[in-house]
Amino acid sequence: MKVAICDDIKEYRASLKAYIEEFFFQKHIALELFEFSSGKEILESQGVFDIVLLDIELGDSNGIEIAKELQKRNKKTVILIVTSHSQYLDDAMDIHAVRFVNKPISQSRILSALEKAVQEIDEKMVSIQLKNNQLLRIYASDVVYIEAKFKKVIIYAVDGSYEAKGSLKTISDLFSASFFAVPHNSYIVNLNFVKSFKRDEIKLLPPYADVRISVASRKQSEFRKKIFEFVGDDYSAKNSY
């Protein structure tokens, strides 16, 4: 997930960075973290982010206006307002901010806000350009797995399969929900549809029960940690084979 911090106070950025890194480490979710000290800086970066922790009074600009610009780039960006100025609460509602976190910040409040932000991302629909130039609108949770093979990218969903336009890397940016994992450079897998797995192979639930997905050797430890976090510590006893 791509997460940005935008705050003009260095100490707050440092605290937020530590809390964010701890949250994503515990959740076994891949993290790309970006820091910005001003509204101008984050806009000039041309970055597109999944989550932005944003101060409202940035010195050079108004955080609400910065949030609006960021959401023009990506309407799915989740905004978390972090500020000591509660009078901006109504303005934060206009940009559909998921949480309003008061300063001084605490770890518990930031972790709670991040949990809510990840949940918000998990529940969203995605729009995918197909090879035939049609636009597919689908809930991310209905995608079972995605495969790159012979220069094709195939999306396998509960209601059928679709050939997407673009590379697997391009497609993967759309699937930032926490229940997706990358067991191999050619696959993205929805953990909700994993029936069982062993060290180097995954079995899926119907309607793809006959599919076997390889787990690359260098990703085995990471994938094991992620699926145990996702389904619980008793998973190996019930579902290994």
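Contact map, segment 161-175: first residue more than 14 Å from S186 (Cα to Cα), second residue part of a loop (DSSP other than H, G, I, E, B) and open to solvent by 40 Å² or more (accessible area, probe 1.4 Å), Cβ cut-off under 6 Å, separation 6 or more or different chains; pairs are E163/K131; K165/K131. For segment 69-94, the set of residues classified as open to solvent by 70 Å² or more (accessible area, probe 1.4 Å), modelled with pLDDT under 85, assigned to a helix (DSSP H, G or I) and not hydroxyl-bearing (S, T, Y) consists of K72, R73, Q87, L89, D90, M93, D94, listed by residue number. Scanning segment 210-225 for residues that are open to solvent by 20 Å² or more (accessible area, probe 1.4 Å) and either of a type in the set (F, W, Y) or in a helix (DSSP H, G or I) (or both) yields S217, R218, K219, Q220, S221, E222, R224, K225.
Checked against (1) touching a residue at least 12 places away in the same chain (Cβ under 8 Å); (2) surrounded by fewer than 18 Cβ atoms within 10 Å (Cβ to Cβ); (3) assigned to a strand (DSSP E or B), Y156 passes all but condition (2).
Return yes when D50 is crowded, with 19+ Cβ neighbours inside 10 Å, over 14 Å from the mean Cα position of the chain (by Cα) and not basic (K, R) and no when it is not. It is false that D50 is crowded, with 19+ Cβ neighbours inside 10 Å, over 14 Å from the mean Cα position of the chain (by Cα) and not basic (K, R). Within this structure, E163 fails the test of being closer than 19 Å to F49 by Cα and open to solvent by 10 Å² or more (accessible area, probe 1.4 Å). Contact map, segment 190-205: first residue more than 12 Å from R224 (Cβ to Cβ) and in contact (Cβ under 8 Å) with a residue 12 or more places away in the chain, second residue among the hydroxyl-bearing types (S, T, Y) and in a strand (DSSP E or B), Cβ cut-off under 8 Å, separation 6 or more or different chains; pairs are N190/Y145; F193/Y145; E201/S214; K203/S196; L204/Y145. Note on segment 166-186: residues that are open to solvent by less than 50 Å² (accessible area, probe 1.4 Å), out of contact with any helix residue (DSSP H, G or I) (no Cβ under 6 Å at 6 or more places or on another chain) and part of a strand (DSSP E or B) amount to 1.
How many residues does segment 1-32 contain that are over 24 Å from K169 (Cβ atoms), surrounded by 15 or more Cβ atoms within 10 Å (Cβ to Cβ) and not hydroxyl-bearing (S, T, Y)?
Step one: list which residues in segment 1-32 are over 24 Å from K169 (Cβ atoms), which gives 5-19, 22-23, 26.
The next check asks that each one be surrounded by 15 or more Cβ atoms within 10 Å (Cβ to Cβ); those that pass are 5-8, 12-13, 15-17, 19, 23.
The next check asks that each one be not hydroxyl-bearing (S, T, Y); those that pass are 5-8, 13, 16-17, 23.
Count: 8.
The values are calculated or read from the model by the stated rules, or taken from the named source; none is laboratory data. As the structure is a computational prediction, the values presented were derived from the model and not from experiment. A quick note on method: Cβ atoms are made from the backbone with ideal geometry, for glycine too, and the neighbour counts reach across all protein chains shown. Protein only, heavy atoms only, side chains kept; ligands, DNA and RNA dropped before computing areas. Shrake-Rupley method; radii C 1.70, N 1.55, O 1.52, S 1.80 Å.
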